[in-house]
Amino acid sequence: MQLQNIRIGTRLTVGFAFLGLLMLLQGLFTLYSMHSMHKVTEQIDKNTIPSLQYLAELNLNVMRMRVFTLRLLSARGETEIEAAKHACFG
């Protein structure tokens, strides 16, 4: 059976049905991909970002300790040492 022997209406219907099926398959694949991306995004949001925030806080505290240590080391008089200790320890 050749394609030219089939009526034009039937050929168009089969062609549009095929395109519709391809679009449906592409939509289903896209939904699956979006679901996978959502799961990865949730994992990043729940695990990675809080870890990075804790790491940033730790880095900030280490930098503060370095600044306070430098203040104590550069203090020359007793009043400067006491001021540095007060700044360090509250």
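Each value in this text was obtained by applying a stated rule to the coordinates, not by laboratory testing. Please read all numbers here as calculations on a predicted model, not as lab measurements. Ideal geometry is used to build each Cβ from the backbone, glycine not excepted, and the neighbour counts take in all protein chains shown.
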Seminar exercise, completed: Counting only residues that are closer than 30 Å to H86 by Cβ and either of a type outside the set (D, E, K, R) or not in a helix (DSSP H, G or I) (or both), the range 34-72 contains a total of 16
For this session: Return the pairs, sorted by first residue and then second, in which the second residue is surrounded by fewer than 10 Cβ atoms within 10 Å (Cβ to Cβ) and of a type in the set (D, E), the first residue lies in the range 9-32 and is without any contact (Cβ under 8 Å) to a residue 24 or more places away in the chain, the beta carbons are less than 7 Å apart, and the residues are 6+ apart or on different chains.
Result: none
